[in-house]
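Asks: A single structure is presented below for examination.
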Amino acid sequence: MIEKLRRKFILVTMAIVFLVMLVVLVALNATNYFHAAERADEILSVLAGNGGKFPDEEFSGKTFESGSIPPNQAVSIETPFETRYFTAITNSNRQIIQIDTTKIRSVDSEAGQIYAEDVIASNKTKGYLDDFRYKVVEKEDGTFLLLFVDSQRELQTMRAFLQNSLSIGLISLVFIFLLVFYFSKKIIKPVQESIDRQKQFITDMGHEIKTPLAIISANNDVQQM
C-alpha cells in the first residue's frame with residue numbers, strides 16, 4: 001500500500017512539473033518566434049512602403065531622423081547594409097514580369113522566380129518560405145510586389161534556442177525525478193509510521209480484550225459445572 005502511494009505521489013508530482021515546464025517552454029519559444037517574425041515584418045513594411053527598396057540607399061543617419069523610415073526596434077541606420085532581400089513583380093494575372101536579386105548573393109534570378117511562383121501558388125500574403133520571410137503587396141496599378149527577406153540568422157538562432165531549451169528541460173526533468181524519488185521516501189515515512197502505530201494499537205487492543213473475555217468464559221464454565 002505504501003509503495004503504491006509513493007508511486008502515485010511521484011507520478012502526480014512529475015506530471016505537474018512536466019505541465020509547468022511545457023507551458024514555460026512553449027511560451028518562451030512562441031515569444032521568440034513572434035519577435036523574429038515581427039522584426040522581419042517591420043523590415044518588409046519599410047521595403048513595401050518604398051517600392052521594394054530602402055529609401056535613399058546611399059543615406060546617412062538624417063534619413064531616419066527626418067522620418068523617411070519610421071523608427072522602430074527592427075530598423076536602424078545599419079539595417080539596409082545588414083539585410084539581404086530580393087523582390088519580384090507580377091502583373092494583375094499573377095504572371096512574373098520582373099525579378100531583382102541584386103541585394104542578395106545566395107539567390108539568383110532562377111531561384112528567385114521559383115520562390116515567387118511558390119508564393120503565388122500558395123495564395124498567401126505573408127509567411128515563411130524556407131529561410132525567407134515574405135510579403136505580397138498589391139500596388140495601385142493592379143500589379144503585385146513580392147518581397148523576400150533572408151531570415152536565416154534569426155531562424156537558426158530560434159532553432160538553436162528551441163533545441164537548447166528542450167535539452168535543458170529534459171535534463172531538468174530527469175534531475176527533478178531523481179530528487180522526487182529520493183525525497184518521496186522521507187515524505188511517505190510519517191504515513192508509514194502512522195499506519196504502523198494504528199496496527200500496533202489494534203494488536204494491543206486485541207490482547208487487552210482477550211483477557212476479560214477469557215475471564216468471562218472461565219466464569220461461565222465454572223457456573224455450568
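None of the figures in this text is laboratory data; all of them are computed from the coordinates on show. On a predicted model such as this, the values are computed, not experimentally measured, just so you know.
Asks: For segment 18-27, what does the Karplus curve 6.51 cos²θ - 1.76 cosθ + 1.60, with θ = phi - 60°, yield as ³J(HN,Hα) per residue in whole Hz, taken in order and with x for Gly and Pro?
Replies: 4, 5, 5, 5, 4, 4, 5, 5, 5, 5
Asks: Give the long-range amide H neighbours of Leu129: residues separated by 5 or more places, or on another chain, with amide H under 5 Å away, using H modelled in the peptide plane at 1.01 Å from N.
Replies: Distant-sequence amide H within range of Leu129: Tyr134.
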